[in-house]
Amino acid sequence: MPIKKVGTHQNMESINVGTLQQGITYTSDLMIDNTFLLLPKTAEMSTELINALKLWGFEQIYMEGDVSLGGDIGVSKKEEPEDELQKERIGSNVKKVLENSKNITVGNSDQARMELVHSVYEEYLNYIESVFTHYATHKEINQEELSDMVQDLCIFIKEHRRYILRVNASINAEARNFLIIHTMRTTVLGIAIGLQLHLPLSKMIELGITCILHEIGMLRLPPQLYMTSKKLNAREKAQISKHTVLGYTIIKDLNFNLAIQLGVLEHHEKENGTGYPRRISGDKISSNAKIIAVACTYEAISSPRSYKDEKSTFDALLELLQNKDHLYDSNVIKALLYTVSLYPIGTYVYLANRKIAVVIDTNPDNPKCPIVQLLTEKEKDGSPKTVQTNQPATAILRILSKKEKEDILKLINQKSSSSENAQNQNEQNDLQEQAEDVLPLSEIDEVEEIETQENPAPKAQESSFAAIEEVPENENEKITKVEEVQKTASNSNNGIEEVDISIFE
């Protein structure tokens, strides 16, 4: 496509409208003149726009950047010495927070552990962003550095699994590129699944690198395709599906090993052969791709998107357990189940003894009975009180809705900010009044009446939840049993057992 300098538009280049082609993108905005925007940078040129320009009589349009044949994301290609300094700074920050993590002992508070994990998580988000940006501007990835970073992350996740899986995906989501957040969450989940499968460290590093790079092909597509606030049409979905082949090409050209190449290429293949790009099935799909497929899907279902609200991690896990049409590897799904539990780590739940808790760890013997941390009680030494949920009195009845969780946490924060030690009657009365805003007064009165009469705590519906005692080998049996679990959860959400706010008095 011929491009020539023009004197009337200083620092801009002209493009002959007759040479425009459908599908071409550009690294800067296309302009009709110095002020009128025609097409945003990286947006794809369409036949309709070309015809309109010809109809309007335009012979030239203008731009400051370069023609892009799908090879960049609109980032300036100028060599910036500060880029390398910033990249080194980011790597140094990751090493620093990881070094600090070694000084955290078991005796430290739960809050201190979570703060540490958040800082490490944030630095790895920065690192992944720097890897993507450096590739977009320099077309290179430092494999040795990436391998070292992933090795450190694997070790960190092994030591802090129960905390890093509690990191909320929606925190600061608006301030981050969707692709970076998705990559980080998928990487954490993928590595955690790999740990559950007892992969050796060398294979864990290989898996972690593949997780970080599995969406790199997106950088060869216009960002509005994967950052849109609307659902994609058929043509746009077809474009998005090219990212696996584009990613494979990038990784192959950079001489990553074959296992990483195949993981990037095949992470959208399905066990039944309905995936893309090659529609392969079963054992023909690489192990890294199988793990990323499950981690990627779980992350996508349970995370907020600009065009949809997130579902709960519980719903995401149920959807994968059902495994309709046998899309995913059953062994990997089972590993995910034992990694996060039936009620995934970080889920807020309502117990049979009317207590509210948050799931903080799995039960290696039974994924349907995770370890939970009570929100309103502490041990004598002031540490959070944790309980097993494998007893009738502490069994999980249901998960809290998003609204219930927000209201409960609001009350707890208000109570904590007013005074950490004060437990006087005035405070109790204030909280009781606030509780009436969360639950109808009739329900609070009913709870008080039940407590006065000292009725026994309601029993969990164990017969239905027994379905997840283990992941059955028979797929039809598994689907049927998991649907029973889903039905039980649905019934609970319809008001069979209301949350008891009086425990916050």
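Remarks
- Of all residues in the stretch 241-261, one or more are of a type outside the set (F, W, Y) and in contact with a Ser or Thr (Cβ under 8 Å, 6 or more places away or on another chain).
- Residues (surrounded by fewer than 14 Cβ atoms within 10 Å (Cβ to Cβ) and of a type outside the set (S, T, Y)) located in the stretch 187-223: H198, P200, L201
- Scanning the stretch 369-384 for residues that are open to solvent by less than 30 Å² (accessible area, probe 1.4 Å), touching a residue at least 24 places away in the same chain (Cβ under 8 Å) and outside any loop (DSSP other than H, G, I, E, B) gives V372, Q373.
- When residues of the stretch 65-101 are limited to those that are at pLDDT below 70 and among the acidic types (D, E), the one least open to solvent (accessible area, probe 1.4 Å): D72
- For the stretch 385-403, the tally of residues that are surrounded by fewer than 21 Cβ atoms within 10 Å (Cβ to Cβ) and either assigned to a strand (DSSP E or B) or at pLDDT below 90 (or both) stands at 7.
- Matching residues in the stretch 347-368 - criterion: being in a loop (DSSP other than H, G, I, E, B), open to solvent by less than 10 Å² (accessible area, probe 1.4 Å) and within 23 Å of A192 (Cα to Cα): P367
- Pairs where the first residue, in the stretch 255-280, is under 15 Å from I212 (Cβ atoms) and the second is assigned to a helix (DSSP H, G or I) and open to solvent by 50 Å² or more (accessible area, probe 1.4 Å), C-beta under 7 Å, 6+ apart: F256/Q143; Q261/Y248; Q261/K252; V264/Y248
The values are calculated or read from the model by the stated rules, or taken from the named source; none is laboratory data. Note that the structure is predicted; figures quoted are calculated from it, not measured. Backbone-built Cβ (ideal geometry, glycine too); neighbour counts: all protein chains shown. Calculation scope for accessible area: heavy atoms of the full protein, side chains included, ligands and nucleic acids excluded. Shrake-Rupley method; radii C 1.70, N 1.55, O 1.52, S 1.80 Å.
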